[in-house]
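> Would you mind keeping the following structure in view while I ask a few things?
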């Protein structure tokens with residue numbers, strides 16, 4: 001039997017909306033998600049869980065209240081739980097996220113950018 | 001304050017041993033690891049946890065008792081818990097792994113390829 005790999009590039013082809021993470025795999029009670037982002041997101045935190053950002057294409061800045069980290073292709077960062085952060089991408093950026101199933105993209109904040117949190121692609 | 005990204009390429013420069021995963025980040029009670037692999041690994045399973053494989057460079061085959069999946073750069077697969085598998089790479093392949101902290105690379109099997117499971121890089 002031949003099993004099918006999950007191809008990141010193919011997954012990114014399938015949607016265009018910004019700030020709307022799509023689930024591509026489940027590992028135990030965690031989801032692996034992909035998202036396209038551009039512009040400024042909202043300040044928020046995830047009180048219960050760390051969040052992994054891995055840049056697949058483009059450049060992402062993650063702002064913190066006391067600084068920032070810039071991620072380029074092939075770079076990642078783990079935002080600790082409870083830490084306020086605001087992702088910003090000047091140009092469209094493709095990212096991979098790892099976070100507990102059920103995590104809402106805007107964390108503790110309800111905003112127009114709050115996206116459905118259980119969409120598979 | 002400027003925070004430092006975790007650069008995958010830099011992490012891979014830092015070691016050369018095959019089948020010896022190195023931790024590059026922690027997310028809650030999970031570890032993100034990088035590994036260089038070449039040749040055949042041992043048949044094993046992880047009875048308690050799914051395991052994520054993402055190929056960063058090269059090609060990885062994951063054999064199952066009833067088939068296989070081939071992963072190329074930018075492709076991933078989640079091996080379900082309890083499923084016997086044997087990773088194989090004809091040429092050196094660089095992979096990223098996500099698995100619960102404390103996961104042993106050879107799972108339920110003790111082998112000469114069993115590596116220390118708590119090495120950060």
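What follows is calculated from the coordinates using simple rules that are stated; it is not laboratory data. Keep in mind that what you see is a predicted model, and the values were worked out from it rather than measured. Cβ placement follows ideal geometry from the backbone for every residue including glycine, while neighbour counts extend to all protein chains displayed.
> If I model a spin label as a point 7 Å beyond the Cα along the Cα-Cβ vector, how far apart are those points for residue B:73 and residue A:83 in nm?
Those two pseudo-labels are separated by 3.0 nm.
> On to the next question. Along the principal axes of its C-alpha atoms, what lengths does the range B:8-100 span, in descending order and rounded to whole Å?
Rounded to whole Å, the extents work out to 37, 33, 22 Å.
> Okay, next question. Using only alpha carbon pairs under 8 Å that are at least six residues apart, calculate the relative contact order of chain B and give it in whole percent. Kindly include the intermediate steps, with their values, before the conclusion.
Working: 284 pairs, mean separation 39.3, N = 121.
Relative contact order here is 33 percent.
> Based on the mean of other beta carbon atoms within 10 Å per residue, what is the order of B:75-87, A:8-20, most packed first? Walk me through the numbers before you get to the answer.
On the way: B:75-87: 18.7, A:8-20: 15.1.
My ranking of the peptides, most packed first, is B:75-87, A:8-20.
> Stick to the Cα atoms of the protein assembly as shown, pair each with every other, and give me the Kirkwood hydrodynamic radius in Å at one decimal.
On the way: mean 1/r = 0.0547 Å⁻¹.
Hydrodynamic radius (Kirkwood, Cα only) of the protein assembly as shown equals 18.3 Å.
> In whole angstrom, and with the biggest value first, how far do the Cα coordinates of the range B:62-120 range along each principal axis?
Cα extents, longest axis first: 27, 25, 22 Å.
> Ok, one more. Please give the average number of partner chain Cβ atoms lying within 10 Å of the Cβ of each residue in B:72-81, rounded to a whole number. Numbers along the way, then the final one.
Numbers: counts 2, 3, 9, 7, 10, 5, 8, 2, 3, 2.
Taking the mean over all residues of the peptide, I get 5.
> Starting with the fewest neighbours, write out B:1, B:27 ranked by other beta-carbon atoms found within 10 Å of each beta-carbon. Don't skip to the end; give the middle numbers.
Values: B:1 8, B:27 22.
If I rank by nearby Cβ atoms, fewest first, I get B:1, B:27.
> Quick one: with label points 7 Å out along Cα→Cβ, list the inter-copy distances for residue B:63 in nm, shortest first?
Sorted ascending, the copy-to-copy spacings read 5.3 nm.
> Rg (Å, one decimal) plus Dmax (Å, integer) for the alpha carbons of the range B:24-78?
12.2, 34
> While we're looking at this one, here's another question. List the distances, in nm to one decimal, from the label point of residue B:101 to the label points of the same position in every other copy, shortest first, placing each label point 7 Å from Cα along the Cα-to-Cβ direction.
2.3
> Turning to a different aspect of this structure: Quick one: label points 7 angstrom along Cα→Cβ at residue A:1, distances to the other copies in nm, smallest first?
With the label placed 7 Å along Cα→Cβ, residue A:1 yields 4.9 nm.
> How many Cβ atoms of partner chains, on average, are near each residue of B:50-56 if near means within 10 Å of its Cβ?
Numbers: counts 6, 2, 8, 2, 7, 1, 1.
Mean partner-chain Cβ count within 10 Å for B:50-56: 4.
> From other protein chains only, count the Cβ atoms within 10 Å of every residue's Cβ in B:3-15, then give the mean.
Working: counts 10, 4, 13, 10, 6, 5, 3, 2, 2, 1, 0, 0, 0.
Partner Cβ neighbours, averaged per residue: 4.
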